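Novice: To start, I am sharing the structure in question, which I have written as structure tokens.
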Amino acid sequence: MHGFVAMVVRGGALDPAAALERARRALVAGAEDQPGADAPGLVRAPFALWPAPPDATEGGGRDDGADGGRARGGASGATDDTAPGGGALASVWGFAADPADDVRFLAACAAAMAIPGAGLPAPPERPLGRRALLRWDPAARTLLLVTEPNGLRPVYVHDGPEALVVASEAKAIPAALGRNAVPDADALCDLWTLGHCAGLRTLFAGVSLAPPGAALAWSADRRETRAWPAPAFSEARGGDARAAAEALAGALETTLRAYRARAPRAVLALSGGMDSRAVLAVARGLWPDLEGVTFGDAASPDVALAVEIAARAGLPLARVAPEPDAFARWAPWVVWRGDGMLSAIHGHGMDALIARAAGRAALNGIGGDFLLGAFLRPDHLRGAADPARATAFVRASRRFHGEALEDVFQPAVLRARTAPTDAVLAELFAPLAGRRFGNALTLYWLRHYAPRITALGLGLEDPWATQLGPLADPWFVRAAAGVPLELRFMSRAYRRMLTELAPRLAAVRWERTGVRADRPWPLHAAARWARRCGLLARPRPAVDHAAAFRGPLAAWLRETLLGPRARGGGLLQPAYVERALGDHLAGRANRAAELSLAVTVELWRRAFAEGEGPPPPPLPGRATC
């Protein structure tokens, strides 16, 4: 799935054809051999199955230039003759279970947006997948964007005097505009505060993330955003665990059946955790030839869990073993694919899916953990949310270093700051004041954390694999939101669902506690407390980056972060990097998370701010059984 770019040119200096070609090259870099990569002026998305209108360029690009500017698109589309003026071009980015229904929904959204103060139409009552919708109406000279209900199909926007550019990846926007990126100082500080960008900020100055669950309309004289209500997580206290588990199981099966109708072949990314286990419990009966893929060191607990789960389910499983220099080989590509907004340390495993998912949809378990209670703590069940309390918790839970920002960044970065991360977090939590604290946090994790971490992670493999995450589908999210907080705590209803669906899979330990998934919640709570207190050892990661940074990658890290290129124009203080690297190599502290982020920012600067462009993608790792 290569992505899309849509542009409305407002001035005469920008050539749309050349701009779209530059954006196309940025989106398909490294995957030029994939279907749709050579489409003129655009990149097609699978599951957008509508034929291109006869008067459009292949896949949907179209020129309707006049007073309102020229609109050129980059997603598969269909004409919508029911719209005012007729001939509107509608397109989808992501999964489309019912394309004709999407056309009608977009037309209804456009009609509502044309009426001041009108409410938006209700989304279709069915599994939707992670997708965003676009519509260009040449009669009204209006571009309409409908974002994924929870932001899990990110879309990026530049709204400038020369052009309006909407794209599936931030990198496509400076490419379309024909200029190198300028780093956003606030977003850089977000990275060292939370590990990801906050709010709608991106690392690219002048490029913002479109808000979740919203309709955005642009015309010559109007820019307007209206939002659908956010998911309403149940404020009830307690409830029937069996009924909640049945509702979750029904929603999961309905969602996967919808996916199966569009994806006849699939591979499952299997970690052995609760989420991939839950997907496996249903998917095994829908895809008879389903295969699994896992990644990591052979001795890691994650791999051992995946092997045991696959054996119990009778699932063929391949393991992709990491090479000793995997981080160094893959980091430039992770930075390019993730636009530098995802730490390169998250790239482990992308070679596994690239190696095994060719021609198949890639099923994953994203969303189940934070939606159904894996992140909840006992105090999250008590009291109401307020912005200060929620901001303090998020800051503390995401803290991964002890350095002051003044000691991390060059003075020029700090001088360019405008709004601190805490202010953005407080603004996000302000509308949630008064809700139960755990529900406010869950909504934050869903709509503001996952789009900046999880969704970007899925984008790493987008050119090669069509990612399907049933637990993050708005249909399943609605079922999860109906589960009271107490039944989500320690994933009580979720584990009950797995026990009902696949008792043999529930009889294996839950990786977050080390206790069998089918055991009562107090045992899991006690085990988690013991781990937090250091009484029980935490499991080793699937890939031990900390050890690799002290061993085979030490020289590469030093050259990347402290070599002449970094010292000559880097964004970080060399003294900070020397301190972090020295502490890590000497074993005084594990600073792998900081070092990975430092590598990410330095490689982003080279690729985007200096205009170096994409690196050649490395070869996938070797697969073993």
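The numbers here are math on the coordinates, done by the rules we state, and not lab data. Predicted, not measured: the structure shown is a model, and the values here were computed from it. Cβ: placed from backbone, ideal geometry, glycine included. Neighbour counts: every protein chain shown.
Novice: What relative contact order, as a whole-number percentage, does the chain give when Cα pairs under 8 Å and 6 or more residues apart are counted?
Specialist: Relative contact order comes out at 17 percent.
Novice: Write down Rg/Rh for the range 382-443, rounded to two decimals, with Rg from the C-alpha atoms and Rh from the Kirkwood relation over Cα pairs.
Specialist: Ratio of gyration radius to Kirkwood radius for the range 382-443: 1.08.
Novice: Output needed: percent of Cα pairs per 5 Å distance bin for the range 425-558, bins running from 0 to the one holding the longest distance.
Specialist: Distribution as computed: 2, 8, 11, 13, 17, 19, 15, 9, 5, 2, 0 percent.
Novice: While we're looking at this one, here's another question. What are the radius of gyration and Dmax of the chain, computed over its Cα atoms and given in Å?
Specialist: When restricted to Cα atoms, the chain yields Rg and Dmax of 23.6, 70 Å.
Novice: Let me ask something additional. How big is the gap, in Å, between the Cα center of the range 265-338 and the Cα center of the range 210-257?
Specialist: Measuring centre to centre over Cα atoms gives 28 Å.
Novice: Tell me which residues come under 5 Å, amide H to amide H, from Leu363 once H is placed; ignore anything under 5 positions away on its chain.
Specialist: Amide H neighbours of Leu363, under 5 Å, 5+ apart: Val267, Leu268, Ala269, Leu468.
Novice: Also, quick follow-up: Between the range 549-567 and the range 373-419, what is the C-alpha centre distance in whole Å?
Specialist: Taking the Cα centre of the range 373-419 as reference, the centre of the range 549-567 is 29 Å away.
Novice: Between Phe204 and residues 5 or more places away or on another chain, which pairs have amide H atoms under 5 Å apart, with H built 1.01 Å from N, and which residues are they?
Specialist: Long-range HN contacts for Phe204: Asp184.
Novice: Please label the shape of the range 545-624 as rounded, prolate or oblate, based on the square roots a ≥ b ≥ c of the eigenvalues of the alpha-carbon gyration tensor (a/c under 1.5 means rounded; beyond that, a/b larger than b/c means prolate, else oblate). Intermediate values should be presented prior to the final figure.
Specialist: Details: a/c = 2.32, a/b = 1.05, b/c = 2.21.
The shape class here is oblate.
Novice: Expressed as a rounded percentage, what relative contact order does the range 306-445 have, with Cα pairs under 8 Å and six or more residues apart? Walk me through the numbers on the way to the answer.
Specialist: Numbers: 83 pairs, mean separation 35.0, N = 140.
This gives 25 percent for the range 306-445.
Novice: So what are the ³J(HN,Hα) numbers for the range 406-417, from phi and the Karplus equation (6.51, -1.76, 1.60; θ = phi - 60°), rounded to whole Hz, Gly and Pro as x?
Specialist: Once θ is set to phi - 60°, the couplings for the range 406-417 become 4, 8, 8, 9, 5, x, 5, 5, 5, 5, 8, 5 Hz.
Novice: Same structure, new question: Over the range 382-443, calculate the relative contact order: mean separation of alpha carbon pairs under 8 Å at least 6 apart, over the residue count, as a percent. Walk me through the numbers on the way to the answer.
Specialist: Numbers: 44 pairs, mean separation 42.2, N = 62.
The normalised contact order for the range 382-443 reaches 68 percent.
Novice: Ordered by residue, what ³J(HN,Hα) values in Hz, to whole numbers, does the range 187-198 give under the Karplus form 6.51 cos²θ - 1.76 cosθ + 1.60, where θ = phi - 60° and Gly and Pro are x?
Specialist: Karplus values, whole Hz, x for Gly and Pro: 5, 4, 5, 4, 4, 8, 9, 10, x, 7, 6, 9.
Novice: Need one number: % antiparallel among DSSP beta bridges in the chain, to the nearest 5. Don't jump to the answer; show the numbers that get you there.
Specialist: Working: 45 of 58 bridges.
Just about 80 percent of them are antiparallel.
Novice: Going by amide H atoms built from the backbone, whose H comes under 5 Å of the H on Arg509, apart from near neighbours?
Specialist: Ala517
Novice: Here's something else I'd like to know. Treat every Asp and Glu Cβ in the range 383-454 as -1 and every Lys and Arg Cβ as +1, leave all other atoms uncharged, and give the resulting dipole magnitude about the Cα centre to the nearest 20 debye. Present the calculation step by step, with values, prior to reporting the outcome.
Specialist: Numbers: 10 positive and 6 negative charges, 60 e Å.
Computed charge dipole of the range 383-454: roughly 280 debye.
Novice: Then there is this: In a shell of Cβ-Cβ distance under 14 Å around Ala396, excluding Ala396 itself, what net charge do Lys and Arg (+1) and Asp and Glu (-1) give? Please report the intermediate quantities before stating the final value.
Specialist: Values: positive: Arg377, Arg389, Arg395, Arg398, Arg399, Arg532; negative: Asp379, Asp422.
Its environment carries a net charge of +4.
Novice: Within 10 Å, Cβ to Cβ, of Pro614, how many net charges do the neighbouring residues add up to if Lys/Arg are +1 and Asp/Glu are -1? List each step's numbers first, then the result.
Specialist: Values: positive: Arg25, Lys171, Arg337; negative: Glu612.
Result for the local shell: +2.
Novice: Can you give the net charge of the other residues whose Cβ lies under 14 Å from the Cβ of Leu557, counting K and R as +1 and D and E as -1?
Specialist: On the way: positive: Arg329, Arg550, Arg558, Arg565, Arg579, Arg591; negative: Asp325, Glu559, Glu578, Asp583, Glu594, Glu602.
Cβ neighbours under 14 Å give a net charge of 0.
Novice: Okay, helix-only estimate at 222 nm for the chain: each DSSP H run of n ≥ 4 adds -39500 (n - 2.57), divide by all residues, round to 500 deg cm²/dmol; what do you get? Walk me through the intermediate numbers first.
Specialist: Working: 26 runs with 240 residues, N = 625.
The per-residue figure over the chain is -11000 deg cm²/dmol.
Novice: Which ³J(HN,Hα) values in Hz, rounded to whole numbers, follow from the phi angles of the range 532-543 under the Karplus curve 6.51 cos²θ - 1.76 cosθ + 1.60, where θ = phi - 60° and Gly and Pro get x?
Specialist: 4, 7, x, 6, 10, 6, 7, x, 6, x, 4, 10
Novice: Listed highest first by mean packing, meaning other Cβ atoms within 10 Å per residue, what order do 603-611, 477-485 come in? Don't skip to the end; give the middle numbers.
Specialist: Working: 603-611: 19.9, 477-485: 21.4.
Most protected by this proxy first, the peptides run 477-485, 603-611.
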